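> The structure that follows is given in the form of structure tokens.
Where a number appears in this text, it was derived from the coordinates with a stated rule and is not lab data. Note that the structure is predicted; figures quoted are calculated from it, not measured. Note: ideal-geometry Cβ built from the backbone for every residue, glycine included; neighbour counts use all protein chains shown.
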Amino acid sequence: MWGKWIGCEVPDAARGRFWAAQRAWEAIGDQPGLVGQVGGWDHAAGRAHVLGLWRDADAHGRFLRERHDQVLAGSGQRGAYTAIETATGEVVLTMEGEEPDLPGALARAALLRVADCRLLPGREEHFLDVQRQVWAPGMAAAGGLLGGVVTRLDEARHLVATLWSDAAAHRHYTAEYLPGLRSRAGLAGDVRSLTGHVLTLEPAWRVLPEARPGGKPPAPGTGSVAPCTA
């Protein structure tokens, strides 16, 4: 799978325009290889974030060549933000949750938690082992985790994105499970810096793959991330 993480700085006066323009991306629901896309606001930072997943890098590249610029131009979104950051990479780990697959998790999620981790040199293997053995089972035990992915944006930067049923489930996890998991994980030995984002997802920004002939959406597990504009 292939992941894409986008952050847009949006002035207060342009938020309504940006929100409406973001809805234009629903047009890519028929794009081959799309697993799904969700987004929401980081109000404290004045930013909008979008997480997308695609079957693989080739599917995402095809989307960029065939559709991206056309949808962006039609949305009028470019003038609604003052800066944009886009990062893409391979999904190196998927986390199981209450939904059987990632499209299901993306469809149901009301909240997205993202940990943008910058790793210390030589710590990637241990970092991923800790994700598998500590964080993934610990979050699943808390209840409300629908699924998640770890995307390698580069050798030293990994994005841990988890999808939650609602804010109450995430608050319960944060209060009752997070302190113990953090202690067991030994973050300081792997992570140089971590930027966290907790986003209430905008339902109107959700893009899910349209059903193909036969009533079945594209198979998950063969794809990764999408846009905001990039």
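> Which FRET efficiency value, to the nearest 0.05, do you get for ALA168 and ALA141 by plugging their Cβ-Cβ distance into 1/(1 + (r/R0)^6) with R0 = 25 Å?
It comes out at approximately 0.95.
> Moving on. Kindly write out, for the range 109-122 in residue order, the coupling ³J(HN,Hα) from the Karplus curve 6.51 cos²θ - 1.76 cosθ + 1.60 (θ = phi - 60°), rounded to whole Hz, with x marking Gly and Pro.
Here the 3J(HN,Hα) series is 4, 10, 9, 10, 10, 10, 10, 8, 9, 9, 8, 6, x, x Hz.
> Also: Please get the size of the charge dipole for the chain, origin at its Cα centre, with Cβ charges of +1 on Lys and Arg and -1 on Asp and Glu, quoted in debye to the nearest 20.
In total the dipole reaches around 280 debye.
> Sticking with this structure for a sec: Looking at the calculated P(r) for the range 7-91, what percent of the C-alpha pair distances fall above 19 Å?
39
> Can you compute the radius of gyration and Dmax for the range 85-220, using only the Cα atoms, both in Å?
Reported Rg and Dmax, both Å: 15.3, 50.
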